[in-house]
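Participant: One structure, pasted below without further comment.
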């Protein structure tokens, strides 16, 4: 399946519940894991907003201060709807994303113009999701073989095309992708007030309004402290050095031990979990759809 099916350029629709990716694809395998949603979100969000032009768009065109997790939730919903949805769902989601981004443009505090539909900016946001998913999966589930890394990269290009990123803009190989990530990390990221504000939200999330009304805040903060601390250690410890330096954050010795312990525990436990617990709702719904439609595994990147 090519991304042209999602962009609306195909002359024929596949039968059944087929989507952009097959049940045996690495896209389904990685993005279907609940553990990625748990441990990867903060890293991906902070990497995105560490780019100053992305930060400017977030600051000027969103209500992230009132709805701090909204951007991440919307991004994940769009991503997972395209990865796991049937073709009509994937197409509608891609079109919705384009409409939402069309009016997002402006000038950042240093006078640099930006627009959300700039393919270079879209590539960076896409790359943060791909890099974060691969890093998190390998640290919390299992390592990928070199061949699997190559397959996942090729599938990620198809996903990027569905988002509207031209194929020729994507790094063509895993090595080229890693070099691209390194270059942007070294040369383009900046410490901005928006980045620091998003970081404060990631590491000290506000209580849901309903809980804030029912239970005194100090009680809930105390109850949630172990969870918040686990996620803070994961986000900081799994982030690249350049991002940690921008945030002025690092892990102390006992926190590094805690990070290794949570990763080792996850690698032992996650593969043994039943699908009802292990897989995300998007993945479970997609598998039910394919089973009901008699969809069989097919080549992931079929023409």
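The values are calculated or read from the model by the stated rules, or taken from the named source; none is laboratory data. No experiment lies behind these values; they were computed from the predicted model shown. Here the Cβ is made from the backbone with ideal geometry for all residues, glycine too, and neighbour counts use every protein chain on show.
Participant: From the list 227, 270, 219, which one is modelled with pLDDT under 95, within 24 Å of the chain's Cα centre (by Cα) and farther than 22 Å from residue 128 by Cα?
Facilitator: 227
Participant: Separate question: I'd like the full set of residues that are more than 12 Å from the chain's Cα centre (by Cα), closer than 19 Å to residue 27 by Cα and surrounded by 13 or more Cβ atoms within 10 Å (Cβ to Cβ), limited to segment 70-113.
Facilitator: Listed by number, the residues that qualify are 81, 82, 84, 85, 86, 87, 89, 90, 91, 93, 94.
Participant: Do you know which residues across segment 168-181 are free of Cβ contacts under 8 Å to residues at least 40 places away in the same chain and either within 16 Å of residue 120 (Cβ to Cβ) or surrounded by 14 or more Cβ atoms within 10 Å (Cβ to Cβ) (or both)?
Facilitator: 168, 171, 174, 176, 178, 179
Participant: Looking at (1) in a helix (DSSP H, G or I); (2) at pLDDT below 95; (3) more than 20 Å from residue 85 (Cβ to Cβ), which one does residue 261 not meet, given that it meets all the others?
Facilitator: (2)
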